[in-house]
Amino acid sequence: MASVNPPRGMRDFLPADKARRERVLAVIRERYRAHGFDEIETPVMEDYDRLHAGIGGDNEKLSFSILKRGMDAEGIRAAADDPAALADLGLRYDLTVPLARFYATNRAQLPTVFRAIQMAPVWRAERPQKGRYRQFLQCDIDIIGDGTARAEAELMIASLDVLDALGLTGGSIRVNDRRVLDAMLDVFGFTPDERPGVLITIDKLDKVGPSGVVAELRERGAGADAVDALAAYLDRPAASPSYDEVGIRAALPDGICDEVIGDLVALGETVAAARGADAPLVFDPFLVRGMG
């Protein structure tokens with residue numbers, strides 16, 4: 001008998017669940033709009049080459065590809081070892097790649113500084129398990145055309161406002177700066193060629209812990225002295241959790257540029273000033289996700 005369940009990693013939503021979900025999305029949409037963001041919509045499919053252009057990181061490996069129209073069995077067998085020869089389209093695995101293409105296509109009709117909201121499903125060829133689905137909804141806000149810290153602060157302020165409007169308390173935003181990561185890897189002694197792989201491993205810190213990160217780096221063949229330096233740093237006493245100059249400096253090794261620390265402090269002060277209270281920001285020097 002054929003299964004009546006949805007495909008693995010995908011879900012049905014009953015009317016009551018759908019209604020609750022739509023109420024939450026309405027609150028999110030309203031609060032982001034109040035902060036000057038405009039909603040856009042993009043196709044669920046993008047060109048295969050665009051989805052595998054190197055800007056999607058590891059997500060590219062999870063892309064669902066769409067077989068080229070008109071291919072017969074012989075053509076499929078001939079192209080079996082070349083995914084790009086089999087597919088010309090794919091389902092989007094995030095909303096960032098479509099946004100980049102959308103902006104390039106419509107730039108002349110958009111303001112110089114464009115604030116975008118996207119709320120839409122994405123698809124990834126995940127191994128289905130608790131909390132990981134092959135189809136799920138993403139909500140993105142992005143600012144294009146403003147590379148200043150002010151834009152970063154606006155994204156945080158708007159998102160914290162959304163959490164408040166939803167009645168969610170106790171939330172925080174983890175913050176890092178790519179310049180911090182680069183400087184730390186330099187202090188520890190990792191070579192430029194090692195760094196992409198080292199960052200992939202460090203990104204697993206909250207899942208496998210310091211010992212797991214160190215063990216994987218040794219398995220990767222990273223420089224022994226650099227791994228030892230990182231291991232010693234990870235084994236140090238916990239630093240102050242405060243998001244201020246004292247707390248940020250305490251969380252970093254010596255040798256990090258004062259300008260970077262000053263920028264991080266100013267960011268926290270901007271968010272706190274806008275909210276009229278201490279900003280629930282947490283400095284995490286090993287935050288890698290999203291910095292590809």
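The values are calculated or read from the model by the stated rules, or taken from the named source; none is laboratory data. Just so it is clear, the structure is predicted and the values come from calculations on it, not from any experiment. Please note: Cβ atoms are built from the backbone with ideal geometry, for glycine as well, and neighbour counts cover all protein chains shown. SASA here: full protein model, heavy atoms, side chains in, ligands and nucleic acids out. Shrake-Rupley method; radii C 1.70, N 1.55, O 1.52, S 1.80 Å.
One residue stands out in region 71-123 among those that are open to solvent by 50 Å² or more (accessible area, probe 1.4 Å) and among the small types (G, A, S): the one that is nearest to the chain's Cα centre (by Cα), namely A100.
Residues considered: D263, D225, D254. Of these, the only one that is farther than 29 Å from D58 by Cβ and not hydroxyl-bearing (S, T, Y) is D254. The single condition among (1) touching a residue at least 60 places away in the same chain (Cβ under 8 Å); (2) in a loop (DSSP other than H, G, I, E, B) that I200 does not meet is (2). Being out of contact with any strand residue (DSSP E or B) (no Cβ under 9 Å at 6 or more places or on another chain), under 17 Å from R178 (Cα atoms) and buried (at least 17 other Cβ atoms within 10 Å of the Cβ) is the requirement here; does V288 meet it? Yes, satisfied. Given the condition open to solvent by 60 Å² or more (accessible area, probe 1.4 Å), touching a residue at least 40 places away in the same chain (Cβ under 8 Å) and either touching a Gly at 6+ places or on another chain (Cβ under 6 Å) or under 22 Å from S63 (Cα atoms) (or both), answer yes or no: does some residue in region 151-166 qualify? No, region 151-166 has no match at all.
Here are P237, P196, P192: which of them is under 16 Å from L252 (Cα atoms) and either surrounded by 15 or more Cβ atoms within 10 Å (Cβ to Cβ) or not hydrophobic (A, V, I, L, M, F, W, C) (or both)?
Working: P196 fails: under 16 Å from L252 (Cα atoms); P192 fails: under 16 Å from L252 (Cα atoms).
Exactly one residue qualifies, and that residue is P237.
Step by step: first the residues of region 144-162, then only those that are β-branched (V, I, T) and touching a helix residue (DSSP H, G or I) at 6+ places or on another chain (Cβ under 9 Å), then the one that is nearest to P6 (Cα to Cα). Which residue is that? Top of the filtered list is V162. Taking region 240-249 as the range and being open to solvent by 30 Å² or more (accessible area, probe 1.4 Å) and touching a strand residue (DSSP E or B) at 6+ places or on another chain (Cβ under 8 Å) as the test, the residues that pass are P241, Y243. Assessment of region 55-62 against the conditions (in contact with a strand residue (DSSP E or B) (Cβ under 8 Å, 6 or more places away or on another chain) and of a type outside the set (D, E)) yields no matching residue. Specify the residue that is farthest from L185 (Cα to Cα); the eligible residues are those in region 209-225 that are aliphatic (A, V, I, L, M) and surrounded by fewer than 18 Cβ atoms within 10 Å (Cβ to Cβ). Out of the qualifying residues, it is A215.
Considering only region 124-138, state which residues are within 9 Å of M10 (Cα to Cα) and surrounded by 15 or more Cβ atoms within 10 Å (Cβ to Cβ).
Of all residues in region 124-138, those within 9 Å of M10 (Cα to Cα) come to 128, 133-136.
Matches in region 124-138: Y133, R134, Q135, F136.
Residues that are on the phi > 0 side of the Ramachandran plot and open to solvent by 60 Å² or more (accessible area, probe 1.4 Å) within region 42-70 comprise just one, G70.
Residues in region 11-28 that are open to solvent by less than 60 Å² (accessible area, probe 1.4 Å) and in contact (Cβ under 8 Å) with a residue 24 or more places away in the chain: 3 in all.
Per the listing I173, I141, the residue uniquely touching a helix residue (DSSP H, G or I) at 6+ places or on another chain (Cβ under 8 Å), surrounded by 15 or more Cβ atoms within 10 Å (Cβ to Cβ) and at pLDDT 95 or above is I141.
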